[in-house]
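The values are calculated or read from the model by the stated rules, or taken from the named source; none is laboratory data. This one's a predicted model, so the numbers in the text were calculated from it and none came from an experiment. Here Cβ is always computed from backbone atoms with ideal geometry, including for glycine, and neighbour counts include all displayed protein chains.
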Amino acid sequence: MNRLRGNDINLRTNDQEEMMLEIMELLSDTVTPIPDVGMLCTFVYNAKTPGISYDQHPLVAVTEVLKWGFKGINFHLRKSRQYTWNELAGQVYIVQNEELDDLLAIPYAKMVAK
C-alpha cells in the first residue's frame with residue numbers, strides 16, 4: 001500500500017518544512033531509531049560539520065550501519081553520505097519501495113549551508 005499516493009503534498013505548499021511534516025505524518029506507522037541496511041528512509045538531520053551544505057530532509061537508501069551512525073545514498077544529492085546518530089532529529093521514517101517515486105516527485109529536500 002502506497003501511503004503517499006493521492007495526497008498531493010507538493011501542491012498544497014511550497015515550504016519544505018511543511019512538506020516534511022506531512023510526509024512524517026503519512027509515514028508515522030513505520031518509524032525506527034536505527035535503520036537496517038537496504039532500507040529506504042527519510043528523516044530530519046542537523047549536520048554538525050561546519051562549512052558544508054547538506055540536505056536537512058534526506059531520502060536515503062541505507063548501505064551500511066555502524067556504531068557512530070550509518071551511510072547511505074542520498075537520492076536528493078545523488079551521492080553517498082554519512083549520518084551520525086546524535087544529529088538525527090527524531091525518528092527515521094521507513095519508505096516502502098512503491099513509495100520511492102512519489103517521494104522523489106515531492107520537492108521536500110531542504111539544502112542548508114553551515
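Looking only at segment 48-67, filter to residues that are small (Gly, Ala, Ser) and assigned to a strand (DSSP E or B); which one of those is surrounded by the fewest Cβ atoms within 10 Å (Cβ to Cβ)? Give the steps one after another, and end with the answer.
Initial filter on segment 48-67 (small (Gly, Ala, Ser)): 51, 53, 61.
Still in the running and assigned to a strand (DSSP E or B): 53, 61.
Values: SER53: 10, ALA61: 17.
Top of the filtered list is SER53.
Tally time: how many residues in segment 15-35 are loosely packed, with under 14 Cβ neighbours inside 10 Å and without any contact (Cβ under 8 Å) to a residue 60 or more places away in the chain? Reasoning before the result, please.
We begin by selecting, within segment 15-35, every residue loosely packed, with under 14 Cβ neighbours inside 10 Å; these are 15, 17-18, 25, 28-29, 32-34.
Restricting the remaining residues to those that are without any contact (Cβ under 8 Å) to a residue 60 or more places away in the chain gives 15, 18, 25, 29, 33-34.
Of the residues in segment 15-35, 6 are loosely packed, with under 14 Cβ neighbours inside 10 Å and without any contact (Cβ under 8 Å) to a residue 60 or more places away in the chain.
For LEU4, which of the numbered conditions (1) in a loop (DSSP other than H, G, I, E, B); (2) over 18 Å from ASP102 (Cβ atoms); (3) among the aliphatic types (A, V, I, L, M); (4) in contact with an Asp or Glu (Cβ under 7 Å, 6 or more places away or on another chain) fails to hold?
Only one criterion is unmet by LEU4, namely (2).
Scanning segment 21-46 for residues that are of a type in the set (Asp, Glu) and not in a helix (DSSP H, G or I), which turns out nearest to TRP85 (Cα to Cα)?
If we filter segment 21-46 for residues that are of a type in the set (Asp, Glu), which is where we start, we get 22, 25, 29, 36.
Now drop any that are not not in a helix (DSSP H, G or I), which leaves 29, 36.
Details: ASP29: 21, ASP36: 14 Å.
Selected residue: ASP36.
Anything in segment 47-67 that is in contact (Cβ under 8 Å) with a residue 60 or more places away in the chain and touching a strand residue (DSSP E or B) at 6+ places or on another chain (Cβ under 7 Å)? List them, or say none. Working first, answer last.
Keep residues of segment 47-67 that are in contact (Cβ under 8 Å) with a residue 60 or more places away in the chain, which gives 47, 49-54.
If the condition is that a residue be in contact (Cβ under 8 Å) with a residue 60 or more places away in the chain and touching a strand residue (DSSP E or B) at 6+ places or on another chain (Cβ under 7 Å), then ALA47, SER53, TYR54 are the ones that fit.
Could you please find all residues in segment 1-50 being modelled with pLDDT under 90, of a type outside the set (Lys, Arg) and over 30 Å from LEU66 (Cβ atoms)?
Residues satisfying the conditions are MET1, GLY6, ASN7, ASP8, ILE9, ASN10, LEU11, THR13, ASN14.
Do you know which residues across segment 84-114 are closer than 20 Å to ILE23 by Cα, assigned to a strand (DSSP E or B) and hydroxyl-bearing (Ser, Thr, Tyr)? Before you say what the answer is, go through the steps one by one.
First, the residues of segment 84-114 that are closer than 20 Å to ILE23 by Cα: 87-112.
Of the ones still in play, those that are also assigned to a strand (DSSP E or B) are 88, 92-95, 111-112.
TYR93, the sole residue that qualifies.
Tally the residues that are farther than 18 Å from PRO50 by Cα, in contact (Cβ under 8 Å) with a residue 12 or more places away in the chain and loosely packed, with under 14 Cβ neighbours inside 10 Å, restricting the search to segment 68-104.
Qualifying residue count for the region: 6.
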